[in-house]
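Structure record follows, encoded as structure tokens.
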Amino acid sequence: MMNGMHCLKKYVTENGRVDYKGLKNEKGKLESYLEMLNKNPPAKDWKQEEEMTYWINAYNAFTVKLILDHYPVKSIQEIDGGKPWDEAFIKIGGKNYSLNNIETDFLRKKFSDPRIHFAINCASQSCPRLLNEAFTPEKIELQLNEQTKAL
């Protein structure tokens, strides 16, 4: 997909462990990817699979950014008084969102697919593993099924 997401293969193991120290060295690629997401929000003519993968990838990429911005941190729950999911630090299409906004207002409400829970990673050990590749419209069904089974 885009450069920022290519780092997934390099810094995320197959079981979802993230090498944040190594990834921090390529934070510029992630920042470029996030800027691309900001400038290219979903359009009304996007297919459902395109929009779903956009929001899943955005959620996961911004979660990684949150950790990198506070690295080294032992737990995501140490960030923002234990409520990092509520901070509206995500810029997409000129609007600010929190991770909870993306999960609740877009992914859960719009798509009503319970497998989404297994696709988004909240950077906690109790969360589903981070997939070491970007979600794509062509593979979303397979990827969601594999993530659901992986737990």
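The values are calculated or read from the model by the stated rules, or taken from the named source; none is laboratory data. The shown structure was predicted, so the numbers you read here are calculated from the model rather than taken from an experiment. Note: ideal-geometry Cβ built from the backbone for every residue, glycine included; neighbour counts use all protein chains shown.
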Flag if GLU51 is more than 21 Å from CYS7 (Cα to Cα) and either at pLDDT 95 or above or crowded, with 16+ Cβ neighbours inside 10 Å (or both)
yes
Taking the conditions exactly as written (touching a helix residue (DSSP H, G or I) at 6+ places or on another chain (Cβ under 6 Å) and surrounded by fewer than 18 Cβ atoms within 10 Å (Cβ to Cβ)), does LYS149 satisfy them or not?
no
Among the listed residues LEU107, LEU131, LEU99, identify the single one that is farther than 23 Å from ARG17 by Cα and under 12 Å from the mean Cα position of the chain (by Cα).
LEU107
Looking at the structure I just gave you, is ILE79 within 23 Å of CYS7 (Cβ to Cβ) and surrounded by 19 or more Cβ atoms within 10 Å (Cβ to Cβ)?
no
Scan the stretch 77-86 for residues that are free of Cβ contacts under 8 Å to residues at least 12 places away in the same chain and not in a helix (DSSP H, G or I) and report the count.
1
Looking at the stretch 50-76, which of its residues are over 13 Å from ALA134 (Cβ atoms) and in a helix (DSSP H, G or I)?
GLU51, PHE62, THR63, LYS65, LEU66, ILE67, LEU68, ASP69, HIS70, ILE76
Across the stretch 38-90, what is the total count of residues that are in contact with a Pro (Cβ under 6 Å, 6 or more places away or on another chain) and more than 17 Å from LYS24 (Cβ to Cβ)?
5
Expected single match for closer than 14 Å to PHE135 by Cβ, touching a residue at least 24 places away in the same chain (Cβ under 8 Å) and in contact with a strand residue (DSSP E or B) (Cβ under 9 Å, 6 or more places away or on another chain) among LEU23, LEU37 is LEU37
